Structures are given as C-alpha cells and as structure tokens.
1. With θ set to phi - 60°, apply the Karplus curve 6.51 cos²θ - 1.76 cosθ + 1.60 along region 228-235 and write out the HN-Hα couplings as whole Hz, x wherever there is a Gly or Pro.
2. Taking 0.36 nm per residue of separation and subtracting the Cα-Cα distance, what length does fully extending residue 166 through residue 268 add?
3. Tell me the carbon and sulfur percent of the accessible area for the chain, rounded to whole percent, probe radius 1.4 Å.
4. Given 48/114; 122/296; 223/250; 102/216; 55/250; 223/247, which pairs have Cα atoms separated by over 26 Å?
5. Out of residues 5 or more away from residue 77 or on other chains, whose amide H comes under 5 Å of its own, with H placed 1.01 Å from N in the peptide plane?
6. Any idea of residue 54's accessible area? Nearest 10 Å², probe 1.4 Å.
7. Under a crude label model (7 Å from the Cα following the beta-carbon direction), how far is residue 82 from residue 118 in nanometres?
8. To the nearest 10 square angstrom, what accessible area does residue 284 show with a 1.4 Å probe?
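The values are calculated or read from the model by the stated rules, or taken from the named source; none is laboratory data. In this text, all values refer to a predicted model and were calculated from it rather than measured experimentally. Because the Cβ atoms are built from the backbone with ideal geometry, glycine has one as well, and the counts that use them run over all protein chains shown. Keep in mind that these areas ignore ligands, DNA and RNA; they rest on the heavy atoms of the full protein, side chains included. Shrake-Rupley method; radii C 1.70, N 1.55, O 1.52, S 1.80 Å.
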Amino acid sequence: MAVHHLLRRGISGGSPLHPLRGLFLVSQELGRRPASSAAAGDTTAELKSAREDVKQLLKDKSCHPILVRLGWHDSGTYDKSISEWPKCGGANGSLRFEIELKHAANAGLVNALKLIQTIKDKYAGVTYADLFQLASATAIEEAGGPKIPMIYGRVDVSAPEQCPPEGRLPAAGPPSPAEHLREVFYRMGLNDKEIVALSGAHTLGRSRPERSGWGKPETKYTKNGPGAPGGQSWTSQWLKFDNSYFKDVKERRDEDLLVLPTDAVLFEDPAFKIYAEKYAEDQDTFFEDYAEAHAKLSNLGSKFDPPKGVSLD
C-alpha cells in the first residue's frame, strides 16, 4: 500500500497453490464470528492473544513487509461507489480464497496466508478480515512505526464467489503515475495526503524482478536477507519503519535503492510534493498522518459486529 507496490508485490515467494488445497478448504469454514455478547468478549481476548502471536512471528520470520501487504491487499479492493456489502470489496477476508490469491497483484501472498494460518487455527473467534488487519498494523508498530488506532470486529465473507474482480489494485509503473494513483485511491475514498502518507510504507520491504518486473535481483542491502536473500529495497534498513523512504526518493543518491515511477511522482506532482517534502523533513508529522491513513484503509468496506467495532487498547 508505497501504496502501489506493497499493494502489488511482496517479498515472499510465489509457491504453487495446489499443495495448499486443504488450507483453502479450511479457510472457507473458519472465521465466522460468534454472535453472543459473551462470545464477543472472548473474541477480544483472542484478538489480544493473536496479536502477541503475531509479534512472535515477526521476531522469528522478519516478515513485516508481507504482512503489511496482506492487510492492504484485502482492504485495497474497496470501491466507494458500490454500497452493497461485500460487492464493494474491502477488508472482508476474501483474500483467503484461492481465486483472489491468484490475481496477479497478489503474487506471493499465499506465503503470508501460510504464515498466519497457524495463528488463525488457534483462535476460532477471530475472523480472517480482522487477523489480516491486525497482522498489518502490528507489523508497522513492531518495525518502529506509529501506533495505529485500530478497531476490530470485521465480518468475513463466506464464499469465493464473494471475492472482488481482478484489477482494483494499483500498478507500479503506469504510463501516468499521478493520474493512476489518484484513480485507484480516490475510488477508495482516499485523498492526496493519504496517498503520499501510505506510500511511506515503502520504507519496508523489497521488490523482486522475477515477480513484479521491477528492481534488481539483489543489492548490497538485500543479498544476505534476512529471510530469502535478494530483491531491491527502497531503503537501506528495509525492516525499519521511519521516514527514510521520502529522504531517499528525494535525494536519489544510491543506485542500490529502488525508485519506481509511482515513487518519483511524489516529488514531481505539485500536490503530492507538498506532503512528500514535509514527510522528508518531519518524521513526527509523517507518523501522525500515516497512522490515520492506515487505520482508514484498514476499515474500508468492512462490516463490523458490533457495528462500531471494538478496540484492544
């Protein structure tokens, strides 16, 4: 969710889907939330425990970028012009289904599902929609980013027929980058400030040319991992969340750091540039705006039970 690339390509490999057939079948049955108030209280406790398990997973696997991407790709299909749920898309757990995981923009995300499936199996009261967003926000926070003001209680879709059509997620190198970013993110109900703030999440992660067609096979920053080595990162410390993405894109002094067309345009488009310049200079402002934009993105298209959601903090 930058927006475009985290929403498009990930850092984990794209292994074949067929060995996971059982995983997809199980995913169709899991994630249905109990209706009673007592069960809702139990779900809150389960969400808190699941968050601790995600933190441990992050420590063990250094998988922050792909978990951020998992949450963003589930929510980033939202279309504000469609009022009917779940046709509107958004954060509803549909990304657990094989048909959506096969969308080109979701290459490699089956690996993220595999990583968190063991956590889902432990907590029957936690929906996939909630777990995807919980994992994404926790990954930002554990990488040194801001506290995201999250709410939970998202309801899952129940069948693959409810998945959104392919083509709603951003591309990394469109002919007119600014126009493309606005077309995609305005459709979600996001504005220029939120587009630029969310782009700052490119401080995390790498691009792999064999999947996205962008970036180098490896650089001095990625040749030794952590995780599977290789790819090209936007920043030198690509598991640390800070404002270095904006500084590096602005300066372009290091050929081993990636700058996509949709990154460069943040300092070329007059409206985007106002925010990009500000975030390069002021990390506190970036963190404040990012936290607000991430929370908004995580709620897009969600149906909550209870209707106002629940907070864990």
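1. 3J(HN,Hα) across region 228-235, in whole Hz: 4, x, x, x, 10, 9, 7, 9.
2. Once the chain is fully extended between residue 166 and residue 268, it gains 33.8 nm.
3. C and S atoms contribute 50 percent here.
4. 122/296; 55/250
5. Result for residue 77 returns 90.
6. Roughly 0 Å² of residue 54 is accessible to a 1.4 Å probe.
7. 3.5
8. 120
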